[in-house]
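Here's the structure we're looking at; comments come further down.
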Amino acid sequence: MKRKGIVSGSRVMRARRVIESLIKLVMLSAVISMHIFAQVSTGLGKTGALVQSVVDVDVDIPSGRNLSEDSVRHDAVAVVVGISRYKKVPNVDYAKRDAETMKQYLIKMFGYSKDRIILVEDQEATLAELKSAFEERLFNLINPGKSDVFIYYSGHGVPDLASKEPFFVPYDCDPTYPRSTGYNVKQLYDYLARLNVRSVTVVIDACFSGNSERGTLIGNASPVSIQVQNPVAALDKGVVFTSSDGQQLSSWFPEKRHGLFTYYFFKGLRGDADENGDREITVAEMAKYLSLHVPEGARSRNRIQTPQVLGWKSGVLIRY
């Protein structure tokens, strides 16, 4: 009996050690999974790139049909800005990724030459660099009367509390002083209106309320309402797409690792916005598509987000 008791006790001890080992293994797996999820969900970690799932809008980008006789729109020029990392304010997780994907759409669907796309990202996107890109480098690449111009910005926006004018937030901006450290959006629109070009398309994934996904950008201030009037009234063929109205947040889409608005803009370009199936996406079709899907996506996050489309709604955005 004594021998049997010793054997039984030994078995119990071994079983207990096995159970403890299994518990430790499960806990370790959970920690690793949480670490991987954190890397993936931010879109910023280098190790996350090894485990990220494929996002539908990032692959198999369709080839666009030509909007001109040339196989590549040699005269077209774009400035693409994506600022995920900031010096003085919270980061914008997917902005750089948005910009890099937008560049691929411009090349593959719009037919832009990669050498004529000015890409400005993260710490390179200082106030001085934005001024250089928008006001000098862009101008130097334009062929008067022949160029199409495309502007894309993903990052923070902020209002000037006195004038309620919207400003882009460069990498080195102090949002408390936007007039001296931010880039005035109205100034950009005024500059684009003076260019001698065939068309201007502006796409902005930013909000200008002073808030962000990670809190307010302006110290000791409450959110304000910014109502931006039509900035492209002076353009014969110009359109501006913005991700939200002045008092709303522009949401992220963590599951797709893009801004919510930008994700659906890509989806629309791929054909989802082609309401009549003629393989052309008009500005009006894209406006309708965004007005349905972006608010729906925002509501799933208990938010209100209403994209704005101003300007040349009768134009063709893309043929594919």
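The numbers here are math on the coordinates, done by the rules we state, and not lab data. Just so we're clear, the structure is a prediction, and the values are computed from it rather than from any experiment. Cβ sites come from the backbone with ideal geometry, for glycine too, and all protein chains shown count toward neighbours.
Computed 3J(HN,Hα) for the stretch 119-127, one whole-Hz value per residue from the Karplus formula 6.51 cos²θ - 1.76 cosθ + 1.60 where θ = phi - 60°, is 9, 10, 9, 6, 5, 6, 8, 6, 4, glycine and proline marked x. Our estimate of slack between S63 and N140, defined as 0.36 nm per intervening residue step minus the Cα-Cα distance, is 24.9 nm. Using only Cα positions of the stretch 61-319, each an equal point scatterer, no hydration layer, compute I(q)/I(0) via Debye at q = 0.07, 0.08, 0.16 Å⁻¹ and quote the log10 values to two decimals. After summing over all Cα pairs, the log10 values are -0.21, -0.28, -1.22. Database remark: amide H of Y171 closer than 5 angstrom to the amide H of A125, T126, L127 (H placed geometrically; neighbours at sequence offset of 5 or more, or on other chains; Pro and chain starts carry no H). The shape of the stretch 104-192 comes out prolate: with a ≥ b ≥ c from the C-alpha gyration tensor, a/c is at least 1.5 and a/b beats b/c. A simple rule links phi to the HN-Hα coupling: the Karplus curve 6.51 cos²θ - 1.76 cosθ + 1.60 with θ = phi - 60°, which for the stretch 54-65 gives 6, 9, 4, 7, 8, 10, 6, 5, x, 8, x, 7 Hz, with x for Gly and Pro. In the structure shown, the pairs K96/K164; K88/K131; K146/K256; K237/K288 are assessed against 31 Å; a Cα-Cα span above that value is assigned to K146/K256. Among M109, M286, a tally of other beta-carbon atoms within 10 Å of each Cβ gives an order, fewest to most, of M109, M286. Sorted on the mean count of surrounding Cβ atoms within 10 Å across their residues, most packed first, peptides 136-148, 254-266 read 254-266, 136-148.
Here the residues H74, H156, ranked from fewest to most Cβ neighbours within 10 Å of their Cβ, fall in the order H74, H156. For R85, list long-range residues whose amide hydrogen, built 1.01 Å from N in the peptide plane, is under 5 Å from its own amide hydrogen. Placed amide hydrogens put V92, D122 under 5 Å from R85.
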